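Okay, structure first, notes after.
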Amino acid sequence: MDLSKYSKRPKAELVINNGRYEAYNLKENPFPSSPFVNPNSNDARNNGEIYEPSIRDQENKAIEENFFKVSQSDPNHLRLGYIMDTSYIGRGNGKSAFLVNLQKKINQDFGLSISNELNKCFAIILVPETGGKTKTFESFIDLLVGRILESNMIDDSLLSLRLEAITTLHQDFNIEKHFSDESDLRKKLQSRDWYSENNIDFRQVWQQILYNTYLNNLPQDFPIFSSSPLLFQPVNQSNFKEYYQSLKRGKPRLEFVFSHLVTLFLAAGFNGAYIFVDDFERVPDFQSERQKRDFALELRTCLFDGLYINAKVGFYNLILVLHAGVSRLIQSAWEQSGLEQRSPILFKGTSKNVIRFEKITVKDAYSLIQKYLQAYRVNQVDADTF
(Lines give C-alpha, C1' and ligand atoms only; values in the text may rest on other atoms or scores of the structure.)
Protein backbone atom coordinates (compact mmCIF):
# COMPACT_ATOMS: atom_id res chain seq x y z
CA MET A 1 0.00 0.00 0.00
CA ASP A 2 1.35 3.40 -1.01
CA LEU A 3 1.06 5.58 2.07
CA SER A 4 2.63 8.59 0.35
CA LYS A 5 -0.80 9.53 -0.94
CA TYR A 6 -1.46 11.03 2.49
CA SER A 7 1.50 13.40 2.30
CA LYS A 8 1.59 14.36 -1.38
CA ARG A 9 -0.01 17.53 -2.75
CA PRO A 10 -1.47 17.99 -6.24
CA LYS A 11 0.72 19.83 -8.74
CA ALA A 12 -2.20 21.87 -10.04
CA GLU A 13 -2.70 24.95 -7.86
CA LEU A 14 -6.22 25.85 -6.87
CA VAL A 15 -7.36 29.22 -8.18
CA ILE A 16 -9.79 30.99 -5.85
CA ASN A 17 -11.94 33.34 -7.87
CA ASN A 18 -13.57 36.41 -6.47
CA GLY A 19 -17.25 36.22 -5.67
CA ARG A 20 -19.57 37.42 -8.41
CA TYR A 21 -20.46 40.61 -6.54
CA GLU A 22 -17.19 41.05 -4.63
CA ALA A 23 -15.94 43.56 -7.19
CA TYR A 24 -18.75 45.82 -6.02
CA ASN A 25 -17.87 45.29 -2.34
CA LEU A 26 -20.93 43.08 -1.93
CA LYS A 27 -21.24 39.58 -0.50
CA GLU A 28 -24.02 38.70 -2.94
CA ASN A 29 -26.91 40.27 -4.83
CA PRO A 30 -28.47 42.44 -2.10
CA PHE A 31 -31.89 42.83 -3.70
CA PRO A 32 -34.92 40.51 -3.37
CA SER A 33 -35.88 38.42 -6.39
CA SER A 34 -39.61 39.14 -5.92
CA PRO A 35 -41.75 41.89 -4.36
CA PHE A 36 -43.43 39.46 -1.95
CA VAL A 37 -42.54 39.55 1.75
CA ASN A 38 -42.33 36.29 3.69
CA PRO A 39 -41.99 37.06 7.43
CA ASN A 40 -40.96 33.43 8.12
CA SER A 41 -38.01 33.51 5.71
CA ASN A 42 -34.45 33.51 7.06
CA ASP A 43 -33.38 35.70 4.14
CA ALA A 44 -33.27 39.37 5.24
CA ARG A 45 -34.04 40.43 1.65
CA ASN A 46 -37.42 38.71 1.75
CA ASN A 47 -38.64 38.86 5.37
CA GLY A 48 -38.95 42.64 5.80
CA GLU A 49 -35.94 42.89 8.09
CA ILE A 50 -34.20 45.37 5.76
CA TYR A 51 -36.42 48.38 6.20
CA GLU A 52 -36.10 52.17 6.10
CA PRO A 53 -38.72 53.58 8.53
CA SER A 54 -38.22 57.20 7.45
CA ILE A 55 -39.85 56.39 4.08
CA ARG A 56 -43.15 55.68 5.82
CA ASP A 57 -42.95 58.23 8.59
CA GLN A 58 -46.19 59.91 7.51
CA GLU A 59 -48.17 56.65 7.37
CA ASN A 60 -46.70 55.49 10.68
CA LYS A 61 -47.69 58.71 12.46
CA ALA A 62 -51.23 58.50 11.07
CA ILE A 63 -51.82 54.92 12.19
CA GLU A 64 -50.34 55.59 15.62
CA GLU A 65 -52.45 58.69 16.24
CA ASN A 66 -55.70 57.28 14.82
CA PHE A 67 -55.46 53.73 16.15
CA PHE A 68 -52.66 52.82 18.56
CA LYS A 69 -52.78 55.88 20.83
CA VAL A 70 -56.57 55.92 21.15
CA SER A 71 -57.76 54.15 24.31
CA GLN A 72 -59.48 50.83 23.68
CA SER A 73 -61.96 51.84 26.38
CA ASP A 74 -63.12 54.75 24.19
CA PRO A 75 -66.45 53.50 22.75
CA ASN A 76 -65.70 55.43 19.55
CA HIS A 77 -62.28 53.93 18.92
CA LEU A 78 -61.84 52.73 15.34
CA ARG A 79 -62.55 49.02 14.91
CA LEU A 80 -62.18 48.76 11.13
CA GLY A 81 -59.63 50.69 9.11
CA TYR A 82 -57.86 50.58 5.78
CA ILE A 83 -54.30 51.01 4.57
CA MET A 84 -55.05 52.13 1.03
CA ASP A 85 -52.43 52.19 -1.70
CA THR A 86 -52.71 55.37 -3.75
CA SER A 87 -50.47 54.04 -6.52
CA TYR A 88 -51.35 51.71 -9.37
CA ILE A 89 -47.75 50.57 -9.80
CA GLY A 90 -48.64 47.16 -8.36
CA ARG A 91 -46.31 45.23 -6.11
CA GLY A 92 -43.22 46.49 -4.36
CA ASN A 93 -44.47 49.71 -2.78
CA GLY A 94 -43.59 48.45 0.70
CA LYS A 95 -46.96 47.68 2.32
CA SER A 96 -46.06 44.19 3.53
CA ALA A 97 -42.69 45.29 4.94
CA PHE A 98 -44.51 48.17 6.66
CA LEU A 99 -46.87 45.68 8.32
CA VAL A 100 -44.11 43.31 9.40
CA ASN A 101 -42.25 46.12 11.15
CA LEU A 102 -45.44 47.51 12.70
CA GLN A 103 -46.19 44.07 14.09
CA LYS A 104 -42.70 43.80 15.61
CA LYS A 105 -42.98 47.25 17.14
CA ILE A 106 -46.32 46.48 18.78
CA ASN A 107 -45.47 42.98 20.01
CA GLN A 108 -42.17 44.12 21.49
CA ASP A 109 -44.06 45.32 24.58
CA PHE A 110 -47.66 44.71 23.43
CA GLY A 111 -48.14 48.33 22.42
CA LEU A 112 -47.70 49.71 25.94
CA SER A 113 -45.03 52.25 24.99
CA ILE A 114 -46.78 53.41 21.81
CA SER A 115 -50.05 54.05 23.66
CA ASN A 116 -48.43 55.48 26.81
CA GLU A 117 -49.73 52.36 28.61
CA LEU A 118 -53.36 53.08 27.72
CA ASN A 119 -53.54 49.84 25.74
CA LYS A 120 -52.02 46.40 25.98
CA CYS A 121 -52.55 44.88 22.53
CA PHE A 122 -50.92 42.25 20.36
CA ALA A 123 -50.68 42.31 16.57
CA ILE A 124 -50.88 39.61 13.94
CA ILE A 125 -50.74 39.65 10.14
CA LEU A 126 -53.31 37.65 8.22
CA VAL A 127 -52.89 36.93 4.50
CA PRO A 128 -55.87 35.37 2.67
CA GLU A 129 -55.02 32.32 0.61
CA THR A 130 -54.79 32.52 -3.17
CA GLY A 131 -57.21 31.05 -5.69
CA GLY A 132 -60.39 31.88 -3.79
CA LYS A 133 -59.70 29.61 -0.81
CA THR A 134 -60.61 32.43 1.59
CA LYS A 135 -63.72 33.80 -0.08
CA THR A 136 -66.17 32.87 2.70
CA PHE A 137 -66.29 34.49 6.12
CA GLU A 138 -66.04 31.02 7.63
CA SER A 139 -62.72 30.29 5.88
CA PHE A 140 -61.52 33.80 6.80
CA ILE A 141 -62.13 33.03 10.49
CA ASP A 142 -60.38 29.66 10.18
CA LEU A 143 -57.35 31.51 8.83
CA LEU A 144 -57.55 34.05 11.66
CA VAL A 145 -57.56 31.31 14.30
CA GLY A 146 -54.60 29.67 12.57
CA ARG A 147 -52.60 32.88 12.75
CA ILE A 148 -53.52 33.44 16.41
CA LEU A 149 -52.23 29.95 17.15
CA GLU A 150 -49.04 30.51 15.14
CA SER A 151 -48.39 33.73 17.03
CA ASN A 152 -48.51 31.79 20.35
CA MET A 153 -50.77 34.46 21.83
CA ILE A 154 -52.92 31.84 23.57
CA ASP A 155 -49.89 30.28 25.25
CA ASP A 156 -48.66 33.77 26.19
CA SER A 157 -52.06 34.57 27.69
CA LEU A 158 -52.01 31.37 29.74
CA LEU A 159 -48.51 32.22 30.98
CA SER A 160 -49.67 35.72 31.92
CA LEU A 161 -52.50 34.22 33.98
CA ARG A 162 -50.06 31.86 35.78
CA LEU A 163 -47.56 34.62 36.44
CA GLU A 164 -50.26 36.94 37.79
CA ALA A 165 -51.54 34.16 40.06
CA ILE A 166 -48.02 33.47 41.39
CA THR A 167 -47.32 37.14 42.17
CA THR A 168 -50.70 37.38 43.91
CA LEU A 169 -50.02 34.33 46.08
CA HIS A 170 -46.38 35.25 46.73
CA GLN A 171 -46.19 39.02 46.99
CA ASP A 172 -42.41 38.99 47.49
CA PHE A 173 -41.91 37.05 44.23
CA ASN A 174 -39.24 38.75 42.09
CA ILE A 175 -39.88 38.19 38.38
CA GLU A 176 -36.46 39.49 37.27
CA LYS A 177 -34.70 37.21 39.73
CA HIS A 178 -36.45 34.05 38.57
CA PHE A 179 -36.50 34.56 34.79
CA SER A 180 -33.66 35.74 32.57
CA ASP A 181 -35.76 36.37 29.45
CA GLU A 182 -39.07 35.49 27.76
CA SER A 183 -37.86 32.07 26.66
CA ASP A 184 -36.76 31.24 30.19
CA LEU A 185 -40.14 32.37 31.58
CA ARG A 186 -42.08 30.20 29.11
CA LYS A 187 -39.93 27.16 29.89
CA LYS A 188 -40.08 27.43 33.68
CA LEU A 189 -43.79 28.21 34.04
CA GLN A 190 -44.53 24.96 32.24
CA SER A 191 -42.08 22.87 34.28
CA ARG A 192 -43.18 20.75 37.23
CA ASP A 193 -39.63 20.85 38.64
CA TRP A 194 -39.52 24.65 38.70
CA TYR A 195 -42.68 24.88 40.80
CA SER A 196 -41.34 22.22 43.18
CA GLU A 197 -37.90 23.83 43.51
CA ASN A 198 -39.47 27.20 44.38
CA ASN A 199 -42.09 25.80 46.80
CA ILE A 200 -44.97 26.97 44.62
CA ASP A 201 -48.06 24.79 44.68
CA PHE A 202 -49.40 24.58 41.15
CA ARG A 203 -52.82 23.59 42.48
CA GLN A 204 -53.03 26.89 44.36
CA VAL A 205 -51.86 28.75 41.26
CA TRP A 206 -54.60 27.05 39.25
CA GLN A 207 -57.23 27.90 41.85
CA GLN A 208 -56.09 31.52 41.88
CA ILE A 209 -56.46 31.69 38.09
CA LEU A 210 -60.06 30.55 38.40
CA TYR A 211 -60.82 33.53 40.64
CA ASN A 212 -60.40 35.76 37.58
CA THR A 213 -63.89 37.18 37.08
CA TYR A 214 -63.61 37.19 33.29
CA LEU A 215 -63.47 33.40 33.29
CA ASN A 216 -66.83 33.07 35.04
CA ASN A 217 -68.75 33.60 31.81
CA LEU A 218 -66.98 30.93 29.78
CA PRO A 219 -68.66 27.58 28.99
CA GLN A 220 -67.57 24.68 31.16
CA ASP A 221 -66.09 22.78 28.21
CA PHE A 222 -63.79 25.71 27.34
CA PRO A 223 -60.19 24.40 27.16
CA ILE A 224 -58.86 26.42 30.10
CA PHE A 225 -60.96 24.24 32.42
CA SER A 226 -59.39 21.04 31.10
CA SER A 227 -56.25 21.47 33.20
CA SER A 228 -55.43 18.69 35.68
CA PRO A 229 -53.43 20.39 38.47
CA LEU A 230 -53.10 17.22 40.58
CA LEU A 231 -51.26 15.49 37.72
CA PHE A 232 -49.55 18.71 36.62
CA GLN A 233 -51.13 18.77 33.20
CA PRO A 234 -51.49 22.49 32.52
CA VAL A 235 -53.65 23.44 29.58
CA ASN A 236 -51.78 24.65 26.51
CA GLN A 237 -52.40 25.95 23.04
CA SER A 238 -52.82 22.51 21.47
CA ASN A 239 -55.90 22.00 23.67
CA PHE A 240 -57.42 25.13 22.14
CA LYS A 241 -56.63 23.98 18.61
CA GLU A 242 -58.30 20.61 19.17
CA TYR A 243 -61.29 22.30 20.79
CA TYR A 244 -61.80 24.71 17.89
CA GLN A 245 -61.57 21.92 15.33
CA SER A 246 -64.18 19.92 17.27
CA LEU A 247 -66.71 22.78 17.13
CA LYS A 248 -69.42 22.80 14.50
CA ARG A 249 -68.99 25.32 11.73
CA GLY A 250 -71.02 28.49 11.92
CA LYS A 251 -72.15 30.10 15.16
CA PRO A 252 -70.20 27.84 17.60
CA ARG A 253 -66.89 28.80 15.97
CA LEU A 254 -67.85 32.47 15.76
CA GLU A 255 -68.73 32.45 19.46
CA PHE A 256 -65.36 30.89 20.22
CA VAL A 257 -63.42 33.56 18.28
CA PHE A 258 -65.47 36.66 19.05
CA SER A 259 -66.65 35.92 22.59
CA HIS A 260 -64.80 33.12 24.38
CA LEU A 261 -61.31 33.77 23.01
CA VAL A 262 -61.74 37.52 23.56
CA THR A 263 -62.73 36.77 27.18
CA LEU A 264 -59.53 34.74 27.66
CA PHE A 265 -57.41 37.60 26.29
CA LEU A 266 -59.20 40.09 28.56
CA ALA A 267 -58.58 37.81 31.54
CA ALA A 268 -54.87 37.78 30.65
CA GLY A 269 -54.68 41.58 30.71
CA PHE A 270 -55.00 42.44 27.03
CA ASN A 271 -57.59 45.03 26.04
CA GLY A 272 -57.27 44.77 22.27
CA ALA A 273 -55.60 43.27 19.22
CA TYR A 274 -54.63 44.61 15.81
CA ILE A 275 -55.35 42.25 12.92
CA PHE A 276 -53.60 43.44 9.75
CA VAL A 277 -55.15 41.75 6.69
CA ASP A 278 -52.61 42.00 3.88
CA ASP A 279 -53.63 41.47 0.23
CA PHE A 280 -57.30 41.69 1.20
CA GLU A 281 -58.33 41.75 -2.47
CA ARG A 282 -57.78 37.97 -2.52
CA VAL A 283 -61.13 37.72 -0.71
CA PRO A 284 -63.48 39.78 -2.95
CA ASP A 285 -61.66 38.86 -6.18
CA PHE A 286 -63.36 35.45 -6.12
CA GLN A 287 -66.70 36.41 -4.57
CA SER A 288 -70.03 36.93 -6.26
CA GLU A 289 -71.93 40.11 -5.37
CA ARG A 290 -74.04 38.15 -2.92
CA GLN A 291 -70.99 36.59 -1.29
CA LYS A 292 -69.42 40.04 -0.92
CA ARG A 293 -72.55 41.33 0.79
CA ASP A 294 -72.83 38.29 3.08
CA PHE A 295 -69.16 38.63 4.04
CA ALA A 296 -69.63 42.33 4.84
CA LEU A 297 -72.77 41.61 6.89
CA GLU A 298 -71.01 39.01 9.01
CA LEU A 299 -68.02 41.29 9.46
CA ARG A 300 -70.30 44.09 10.66
CA THR A 301 -72.09 41.76 13.10
CA CYS A 302 -68.84 40.46 14.62
CA LEU A 303 -67.17 43.87 14.88
CA PHE A 304 -70.04 46.23 15.68
CA ASP A 305 -73.60 45.05 16.17
CA GLY A 306 -73.75 41.44 17.33
CA LEU A 307 -74.09 40.00 20.81
CA TYR A 308 -70.49 38.80 20.80
CA ILE A 309 -68.17 40.17 23.49
CA ASN A 310 -65.98 41.55 20.72
CA ALA A 311 -68.82 43.68 19.33
CA LYS A 312 -69.56 44.99 22.82
CA VAL A 313 -65.99 46.05 23.70
CA GLY A 314 -64.28 46.42 20.30
CA PHE A 315 -61.39 44.08 21.12
CA TYR A 316 -60.29 43.15 17.58
CA ASN A 317 -59.23 46.08 15.40
CA LEU A 318 -59.12 44.96 11.76
CA ILE A 319 -56.99 46.95 9.34
CA LEU A 320 -57.47 45.85 5.74
CA VAL A 321 -54.63 46.51 3.30
CA LEU A 322 -56.00 47.45 -0.11
CA HIS A 323 -54.30 47.90 -3.45
CA ALA A 324 -55.52 50.84 -5.52
CA GLY A 325 -58.94 50.14 -6.99
CA VAL A 326 -59.97 47.43 -4.51
CA SER A 327 -62.21 49.84 -2.59
CA ARG A 328 -64.51 50.12 -5.63
CA LEU A 329 -64.65 46.34 -5.83
CA ILE A 330 -66.29 46.10 -2.39
CA GLN A 331 -68.05 49.48 -2.23
CA SER A 332 -71.51 48.13 -3.07
CA ALA A 333 -71.29 45.33 -0.48
CA TRP A 334 -70.07 47.80 2.15
CA GLU A 335 -73.00 50.13 1.40
CA GLN A 336 -75.66 47.40 1.37
CA SER A 337 -74.41 45.86 4.63
CA GLY A 338 -74.16 49.19 6.44
CA LEU A 339 -70.40 48.90 6.91
CA GLU A 340 -69.91 52.05 4.85
CA GLN A 341 -71.81 54.01 7.50
CA ARG A 342 -69.84 52.43 10.35
CA SER A 343 -66.42 52.54 8.72
CA PRO A 344 -66.42 54.43 5.39
CA ILE A 345 -64.06 53.23 2.72
CA LEU A 346 -64.78 55.94 0.10
CA PHE A 347 -64.95 59.02 2.29
CA LYS A 348 -64.69 62.42 0.61
CA GLY A 349 -62.09 64.42 2.46
CA THR A 350 -59.99 63.21 5.38
CA SER A 351 -61.09 60.08 7.22
CA LYS A 352 -59.18 58.82 10.27
CA ASN A 353 -59.86 55.18 9.50
CA VAL A 354 -58.16 55.43 6.07
CA ILE A 355 -54.35 55.48 6.03
CA ARG A 356 -53.23 56.51 2.56
CA PHE A 357 -50.13 54.65 1.45
CA GLU A 358 -48.36 57.02 -0.93
CA LYS A 359 -46.27 56.11 -3.95
CA ILE A 360 -42.58 55.73 -3.17
CA THR A 361 -40.48 58.68 -4.38
CA VAL A 362 -37.12 58.62 -6.15
CA LYS A 363 -35.49 60.01 -2.99
CA ASP A 364 -37.09 57.22 -0.95
CA ALA A 365 -35.89 54.65 -3.48
CA TYR A 366 -32.29 55.84 -3.04
CA SER A 367 -32.58 55.51 0.75
CA LEU A 368 -33.97 52.00 0.44
CA ILE A 369 -31.35 50.91 -2.10
CA GLN A 370 -28.66 52.18 0.23
CA LYS A 371 -30.17 50.16 3.07
CA TYR A 372 -30.00 46.94 1.03
CA LEU A 373 -26.46 47.70 -0.14
CA GLN A 374 -25.22 48.40 3.39
CA ALA A 375 -26.69 45.12 4.64
CA TYR A 376 -24.61 43.14 2.13
CA ARG A 377 -21.33 45.09 2.07
CA VAL A 378 -18.10 43.09 2.45
CA ASN A 379 -16.48 46.18 3.98
CA GLN A 380 -18.68 48.94 5.34
CA VAL A 381 -18.56 52.34 3.67
CA ASP A 382 -20.18 55.70 4.43
CA ALA A 383 -23.95 55.40 4.39
CA ASP A 384 -24.32 58.06 1.70
CA THR A 385 -21.80 56.45 -0.67
CA PHE A 386 -22.92 54.20 -3.49
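Think of the chain as having a plus end and a minus end, set by charges on the Cβ of Lys, Arg, Asp and Glu; of Gln370, Ser160, Ile175, Gln370 sits farthest toward the positive end of this dipole.
Once backbone amide H atoms are built at 1.01 Å from N, Gly111 has Cys121 as its partners under 5 Å, excluding neighbours fewer than 5 places away on the same chain.
For segment 146-192, the per residue solvent-accessible surface stands at 57 Å², with DNA, RNA and ligands left out and a 1.4 Å probe.
Which percent of the accessible heavy-atom area of segment 162-227 goes to carbon and sulfur, probe 1.4 angstrom? Intermediate values should be presented prior to the final figure.
Numbers: 1750 of 4310 Å².
Reported share for carbon and sulfur atoms: 41 percent.
Quick one: among Phe225, Phe315, Phe280, which has the greatest mean-square fluctuation in a GNM of the chain with alpha-carbon springs under 10 angstrom? Of Phe225, Phe315, Phe280, the most mobile in the Gaussian network model is Phe225.
What the phi angles of segment 226-236 give under the Karplus curve with 6.51, -1.76 and 1.60, with θ = phi - 60°, is a coupling list of 8, 5, 10, x, 5, 9, 6, 10, x, 5, 9 Hz, glycine and proline written as x. Note on segment 275-365: with neighbouring protein chains present and a 1.4 Å probe, carbon and sulfur make up 51 percent of its accessible heavy-atom surface. The residues of segment 226-364 expose on average 45 square angstrom of accessible surface per residue, using a 1.4 Å probe on protein heavy atoms.
Residues whose amide H lies under 5 Å from that of Val277, counting only those 5 or more places away or on a different chain, are Leu126, Ile319, Leu320, Val321; hydrogens are built 1.01 Å from N in the peptide plane.
If packing is taken as the average number of other Cβ atoms within 10 Å across a peptide's residues, how do 7-20, 24-37 rank, most packed first? Write out the running numbers ahead of the final one.
Details: 7-20: 6.8, 24-37: 14.4.
Ranking, from highest mean packing down: 24-37, 7-20.
Antiparallel beta bridges, as assigned by DSSP with both residues in the chain, represent about 10 percent of the total such bridges. Our helix-only sum for the chain, with -39,500 (n - 2.57) per DSSP H run of n ≥ 4 divided by its residues, gives a mean residue ellipticity at 222 nm of -11000 deg cm²/dmol.
Springs join every pair of Cα atoms under 10 Å in this Gaussian network model of the chain, and among Ser41, Ser332, Ser183 the largest mean-square fluctuation is at Ser183. Centre-to-centre, using Cα atoms only, segment 201-276 and segment 41-84 are separated by 29 Å.
The values are calculated or read from the model by the stated rules, or taken from the named source; none is laboratory data. What you are looking at is a predicted structure, and each value in this text was computed from that prediction instead of being measured. Cβ: placed from backbone, ideal geometry, glycine included. Neighbour counts: every protein chain shown. When the accessible area is computed, the model is the full protein with side chains, heavy atoms only, and any ligands, DNA or RNA have been set aside. Shrake-Rupley method; radii C 1.70, N 1.55, O 1.52, S 1.80 Å.
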